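This report concerns only the one structure given below.
Read-outs throughout are calculated quantities, based only on the coordinates presented, and are distinct from any laboratory measurement. Here the structure is a predicted model, which is why all the values come from computation and not from measurement. Note that we place each Cβ from the backbone using ideal geometry, even for glycine, and neighbour counts take in every protein chain shown.
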Amino acid sequence: MKLLNPPNRSIQKLASLDGLCDLLDVKKGHLLFICYKRTDELKYKSFEIPKKRGGLRKIDSPQKGLRVVQKKLAELLEENLDFKTCVQGFIKKRGILQNATLHKKSTGVLNVDIKDFFGSINFGRVRAVFIAKPFEIHPDVATVIAQICCFNNYLPQGAATSPIVSNIVASTLDNRIINHVRSHHITYSRYADDITLSSKKLFPREIAHISDGRTIIGEDLANIFSRARFEINENKSRLQSKYDRQEVTGLITNKKVNIPAEYKYKVRTAIHHWIQDPKEAERKYFIDILGLKPEEVELTDDGSKLKHNIYGRLSFIAMVKGKDDPTYIKLILKMADHDKTPPKFLKSIKEEYKMYDVFLCHASEDKETIVEPLYQALEKIDVHAFYDSKEIGWGDSLIETINKALIKSKYVVAIMTENSVVKAWPQKEINAVLNGDISGGTKRLLPLIHGDKEKILSNNYLMSDKLYVLWEDNPEEIAQKIKKLLAS
C-alpha cells in the first residue's frame, strides 16, 4: 500500500478537523452531530442474511447522513491509496475472477480464512493505522475518522468505508506473508478475509501440509496472522493438490478459471422453477432455500425479485466464461423465451442468436462433393442451414462463429466420411453436440455416412446407436428426410 497524495485532496499529515471537513465537503457541526450526538439506533439498521456456505451474516446498514459521509470518506481514501496486486477485494478492475486467475494451473492451492474479519478490526486499530505512517494524521482527526468508520467497536459490514479500511489495516499482514513466502516462489493474494497461497511446484510443507485429512498451517505462517491480530478459521482452511478440485474465491482453477458445475445446475433449476410458477419459485428460493423471513425479502406477486436474481447469476457466468459461452447463451435464451418484460440487452441477444434449422458439420475435403449440394438442396425447400463457407466472412472469428451456430441450430447433420473421422475439428464439433445430449440437452444429431459404415462408426462409438442416413449422391432425398425430422 502506498499513498498517492493527489493535488488538493491529500490526507497525509492531515492536521485539523476543519481540513477533514473541507475534503469531505461537510460542515463540522453536522459531522460532529452525526458521529457523537446521534444514537446508535438512528445511525444503523441491523439485520441478518444467510451465508453461501451456511450460517448468518450480520449486516449493519448506515442511515441517512452517516451513509453519505462514509461514502465521501471511502472515495477520498480510494483517491489517496494504491494497493499491491495481491489485494484483490474491493479494488476497481480487480475481483474474484482476477483473483482466481492468479492461481490457475497450480500444483498446490492453500485457502486460509480469517475468522470474523471485519469484527476483529476495532476502533483502536482503525485510529492507530491513520496516526501511523504513511498517513501521519493528527490523533484528534484520526479519532473522528475511526468514529465515522466504526460501530459498536468494529467495522460494520454494510458501511462504504469498511472494505477499504479493512484493506488498509490488513496491509501489514499482506507485507509479512509476502516476505515469508517469497523464497518458496509462492503466489499470494487476499480477497477480503479469503487468503490464497499457491505454488507451481511441490507445496512447501513448512507453509502447510495435510495430516489425517486436516490442513495444518505452518507455525511461522500461523504466527504471522497472530502477530497481525487476526485469527485463522481452521475449519475453513484447506490445502488442495492438483488432483483435488482447486477452488479460489468460488471459482475452479485447476486448468482454467471455471464456474463450479453445481452453480450452473442451481441457476438452471431456478430458471426451470421460475418458468413453471414465478411467484411460488420466488417464495421457495428466498424462504425455503435461503431461509429468509417474508418481511426481510419483500416477495413480489410476479416473481420479479427472483427474475432479477437469476439475471444477476447469469451475468456472473458471462463475466467468468464470456458472453459466447454455450451454457450462458442457452440459459439466457431460455429466459428470453419466457420473460414478458425482459431487460433491453436481451433483445440484441435474441436477434444475434436467431435459430438455424440445421448445422452442417464436415471436413474441408467433403465440401464440394457432399456439403455444397446438400446445402443447395436444403435451401430450395426453405430449410435454413449453417454452412461455414456461406456464413463466415472475412475478419470473423472462426471459433466464435461456429460455437454460436452450434448453439443456434435445432439439428446437427454430421457428415461422416473416412476424411472427417480422423480430423480434429469435425470431431470437436460432434463431441460438443454429444456432450449436450448426454447432459440432458435437446440438440438432435443426424450422422450422414459416406463410405464404410462399420469403419466410420467404430471411430465414434457414442453415435453407433443413433439414427443415420447414407450418402449416395442423393442430396434432394436427404434434404427431404431432414425436413421431415425437423417437423417431427
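General observations
- Only Lys, Arg, Asp and Glu carry charge here, each on its Cβ (+1 for the first two, -1 for the last two); on that basis the chain has a dipole of about 1680 debye about its Cα centre.
- Under the Debye formula (equal points on every Cα, no solvent term), log10 I(q)/I(0) of the range 1-106 at q = 0.20, 0.24 Å⁻¹: -1.12, -1.21
- The value obtained for the chain, namely the Cα convex hull volume divided by the number of residues, is 203 Å³ per residue.
- A Förster radius of 51 Å combined with the Cβ-Cβ distance from Glu472 to Asp244 puts the calculated FRET efficiency at roughly 0.45.
- Cross-link table Lys305/Lys350; Lys58/Lys340; Lys84/Lys256; Lys51/Lys266; Lys13/Lys72; Lys51/Lys71, entries beyond 28 Å C-alpha to C-alpha: Lys58/Lys340
- Computed FRET value (nearest 0.05) for Lys236 with Ser61, which takes r as the C-beta separation and R₀ as 25 Å: 0.45
- Across the range 283-327, the fraction of Cα-Cα pairs farther apart than 16 Å, rounded to a whole number, is 47%.
- With the convex hull of the Cα atoms taken as the outline of the range 296-355, the averaged projected area works out to 4.7 nm².
- Descending semi-axes in whole angstrom, ellipsoid equivalent of the range 154-221, from the Cα gyration tensor: 27, 14, 10
- What the Cα atoms of the range 37-82 give is an Rg and a Dmax of 14.2, 39 Å.
- Overall dimensions of the range 180-309 by Cα: Rg and Dmax, Å: 20.4, 59
- Rounded Å value of the spacing that divides the Cα centres of the range 322-356 and the range 137-167: 44
- Here the chain is scanned for chymotrypsin sites (Phe, Trp or Tyr not before Pro) in DSSP loops (not H, G, I, E, B) that have at most 10 other Cβ atoms within 10 Å, and the longest stretch holding none of them is 1-242.
- On Cα atoms only, tilt of 162-181 relative to the major axis of the chain in degrees: 80
- Along its first, second and third principal axes, ordered by size, the range 253-304 spans 43, 23, 15 Å in Cα coordinates.
- Extension gain, Met1-Glu295: 0.36 nm per intervening residue step, less the Cα-Cα distance, totals 101.6 nm.
- FRET efficiency for Lys51 and Lys423, using Cβ-Cβ distance with R0 set to 45 Å, rounded to 0.05: 0.35
- Between the Cα long axis of helix 398-408 and the first principal axis of the chain there is an angle of about 80°, rounded to the nearest 10.
- Whole-Hz ³J(HN,Hα) from phi, Karplus 6.51 cos²θ - 1.76 cosθ + 1.60, for the range 369-374, glycine and proline x: 7, 10, 5, 4, x, 5
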